[in-house]
Amino acid sequence: MAETTYLEAIRQAMSEEMGRDPAVVLIGEDVGVYGGAFKASEGLLEKFGWERVIDTPISESAIVGAAIGMGYAGLRPIAEMQFIDFIACAFNQITNFAAKSHYRWGAPVPLVLRGPCGGGVHGGPFHSANPEMYFVHTPGLKVVCPATAYDAKGLLKSAIRDNNPVLFFEHKFLYRRIKEDLPESDYTVPIGKAAVRRPGRDLTIISYAAMLHTSLEAAAELAKEGIEAEVVDLRTLLPLDTDTILASVRKTNKLLVVHEDTRTGGIAGEIAALVTENAFEDLDGPIRRVTSLDTPVPYAPPLEEFFLPSVAKVVSAARELAHY
Amino acid sequence: MASVLTREQHLDLYYYMRLNRELEEQMVRLFRQNKIVGGVYSSLGQEAISVGTAYALGPGDWIAPMIRNIGSLLVRGFKPRDILTQHMARYTSPTLGKDGTSHFGDLKTRHVISPISMLGDLIPVMTGIAMAGRYLGQKIVAMTWIGDGGASTGVFHEALNLAAVQKAALVLIVENNHWAYSTPTERQTALRDLADRAKAYGIESAIVDGNDVVAVERATREAVAHAREGRGPVLIEAKTMRMRGHAQHDPAEYVPREMIEEWKRRDPLDRHEKFLTENKLWDAKKKKEIDDRIAREIQTDVEFAENSPFPPPELATEGVYCNGCHTIEADWKRAKEELLPPRSSVKAEWPGKVSAHSDAPPKAAAKIAAKTAAKTANTHSGNGARPASAGTANAKSKSPRKSKGARAPAKAGR
């Protein structure tokens, strides 16, 4: 059986869920005839028709608002942001309308908001964003950041079946770069559960999305020096899997957090607070982080490379921490 | 002009408007007694709009009221106690004290969407409900309200434009009450009539005297029929006046006295009472009967609210997420099989009319659009979003109702 790319896994998840449940519809810019800017929805219009694959004007607020309304009416809409950077245009609908709805008046909003995030492809300041932390700070939302094709498919299916607004951030660097064999049968990956991708004893590296792969490469390098890093893939940022995080730190006693999001206010800070609150006695060193710089994402390749975390930066930080 | 409503219905309009007013006056008293936790946003003088518009809907239709649309909640079957307990933050309120004012709703039976404070955001949500309703085969209409101030938001534009290209069954009531907090309408828009905004989206519009409940009800009824037939959204501008400040704390000293005096003479309740008397639809005894009933209902519900507890503090942590406490179920009115392959299959290409219509004379284009829309509404054979109809009706869509409904007050206080 041919291996499935991360992008194809996302397409399969949508197609299979739309085939399973007519309440699932897709709405967004250029998602129909064109099949999406990255072709994530290619073939869905042919299969499911105009009523279920809805091309819209360039109106992110209206797209998200309409999807919320569809959810209230009993559908399970998937709304696409052409690039996740444009999610800022729909911020109010997400944070004030969707996120607070169930808490305020008991009206669930079954909504998946998905789109391509992340850098490394020279997209510049407006096509490279990692906006997860705006939303991790918003109670009522779920935030999912898959790192593998298997997870992309299984988590997207879970997101579609979830009764809450789920923001599903697809890392565009991974779209066509990673692939794997996927099960033929229907499967889901639960939202809110992290995964240990590589066991180790000397330190824990926590990461997600594209940086998981950077962290795994770094762990392989470190192993050559005799440093065994345990690599944890968060998979979901909200709700955070505190059990898996704390269990790993209690085992290795050292923690490095790696993320592509910028440094200040990134998830690393939250994880550091969580670990010091709950596992301070288990720590044998300071919590370290390798992140992007506190700047917009620059365009020129040497600038972006300098801005992003890399295998070398992770290896260096991990080595230092291991020897602390 | 003759109204199609029965005597009972005309009396209903009075009942709801009077209940709306008396309830709000009671809330002002409670506010002064420090029994209201937050603000009171008076709709004094605007009751005809909330009541007349909501009264024109069917039971399966959806509404999303704004802060000054308590009247529409009453028409929809909510009781004074719901509104009182909301304002007083009691555990017995529809939101259990988690939110206040008219920020509550009911998805399952009354089809009321809770507003949020950010203006304009209800319009795309109601557009989505209308789109879902069509998809589900329900033939419903979705209605919401916005003020002259809220009409300045970006999402107002985004949503009306989306509703227009989708031919969504949306009715938008623009309540022009001449004041957005302290800012007069001429500082919100250079248009004299906000109804003119409809032209920019290629949708129908009407202007109605917002202080005439019979006219409001009739204009809305026509708009609702238009939308329900699949002929696209309608914008109704209802001209009125906000008779109090933005909220109870605001003495509104920025409003010229003479403007208030002028609009007092057009009070919607006085006017409807006169209508009922002149048309011999009631007498003093009937009026007293209704007024007494309202006084009793409010008294009972004030007692209920005052005797209700505040929520337990720990409730603050509950209900952020739906963990299976609700089921998501669509009310299907059509066969699901139509929506699944192979019956749903289409060619992924824009229909040929896309390039043709842009060159066609506007009149011909409008005809094509009307045909396509009618076909869509009758057969569900496609989505209103189908590109053949999208954007074609804009150039020359004449509103036959506009002249009929155009009963704007001659002096709108400008």
Which one of the conditions (1) more than 17 Å from the chain's Cα centre (by Cα); (2) under 30 Å from B:His249 (Cβ atoms) does B:Ala164 fail to meet, given that it meets all the rest?
(2)
Of all residues in segment B:94-119 being under 16 Å from B:Ile328 (Cα atoms) and in a loop (DSSP other than H, G, I, E, B), which is farthest from the other protein chains (Cβ to nearest Cβ)?
B:Thr109
Restricting to segment B:187-220, name every residue that is surrounded by 19 or more Cβ atoms within 10 Å (Cβ to Cβ) and hydrophobic (A, V, I, L, M, F, W, C).
B:Leu194, B:Ala195, B:Ala198, B:Ile203, B:Ala206, B:Ile207, B:Val208, B:Val213, B:Val214, B:Ala215, B:Val216, B:Ala219
In segment B:291-305, is there at least one residue being away from chain A (no Cβ under 14 Å) and outside any helix (DSSP H, G or I)?
no
Between A:Thr242, A:Thr214, A:Thr204, which is touching a strand residue (DSSP E or B) at 6+ places or on another chain (Cβ under 9 Å), of a type outside the set (A, V, I, L, M, F, W, C) and more than 20 Å from A:Asn130 (Cα to Cα)?
A:Thr204
Taking first residues from segment B:133-144 that are at the interface with another protein chain (Cβ under 10 Å from one of its Cβ atoms) and under 11 Å from B:His111 (Cα atoms) and second residues anywhere that are crowded, with 24+ Cβ neighbours inside 10 Å and among the aliphatic types (A, V, I, L, M), the pairs with Cβ under 6 Å that are 6 or more apart or on different chains are B:Ala142/B:Met126; B:Ala142/B:Ile129; B:Ala142/B:Ala130; B:Ala142/B:Leu170
Of all strands (runs of 3 or more DSSP E) fully inside segment A:122-225, the set with 2 or more residues that are crowded, with 20+ Cβ neighbours inside 10 Å is A:142-144, A:165-171, A:203-207
Go over the candidates A:Ala229, A:Ala219, A:Ala223, A:Ala209 one by one and state the one that is in contact with a His (Cβ under 9 Å, 6 or more places away or on another chain) and of a type outside the set (S, T, N, Q).
A:Ala209
Being of a type outside the set (Gly, Ala, Ser), in contact (Cβ under 8 Å) with a residue 12 or more places away in the chain and within 20 Å of B:Lys98 (Cβ to Cβ): is that true of A:His122 here?
no
Got a sec? Which of B:Tyr91, B:Tyr41 is of a type in the set (Phe, Trp, Tyr), touching a Pro at 6+ places or on another chain (Cβ under 8 Å), outside any helix (DSSP H, G or I) and away from every other protein chain (no Cβ under 11 Å)?
B:Tyr91
Unique match (being under 22 Å from B:Ile123 (Cα atoms) and surrounded by 19 or more Cβ atoms within 10 Å (Cβ to Cβ)) among B:Val255, B:Val224
B:Val224
For segment A:298-319, does any single residue satisfy the condition of being touching a strand residue (DSSP E or B) at 6+ places or on another chain (Cβ under 9 Å), basic (Lys, Arg) and not in a helix (DSSP H, G or I)?
no
Report, by residue number, each residue of segment B:16-41 that is under 23 Å from B:Lys274 (Cβ atoms), touching a residue at least 60 places away in the same chain (Cβ under 8 Å) and surrounded by 19 or more Cβ atoms within 10 Å (Cβ to Cβ).
B:Met17, B:Arg18, B:Leu19, B:Arg21, B:Leu23
Suppose the filter is modelled with pLDDT of 95 or more, out of contact with any Phe, Trp or Tyr (no Cβ under 8 Å at 6 or more places or on another chain), surrounded by fewer than 23 Cβ atoms within 10 Å (Cβ to Cβ) and at negative phi; does A:Gln93 pass it?
no
Yes or no: A:Pro108 under 24 Å from B:Pro124 (Cα atoms) and outside the structural domain of A:Gly265 (by TED's automatic domain parsing)?
yes
Here the residues within segment B:145-163 that are farther than 22 Å from B:Asn177 by Cβ and free of Cβ contacts under 8 Å to residues at least 60 places away in the same chain are B:Glu158, B:Asn161, B:Leu162
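The values are calculated or read from the model by the stated rules, or taken from the named source; none is laboratory data. Values in this document were obtained by computation on a predicted structure and should not be read as measured data. Because the Cβ atoms are built from the backbone with ideal geometry, glycine has one as well, and the counts that use them run over all protein chains shown.
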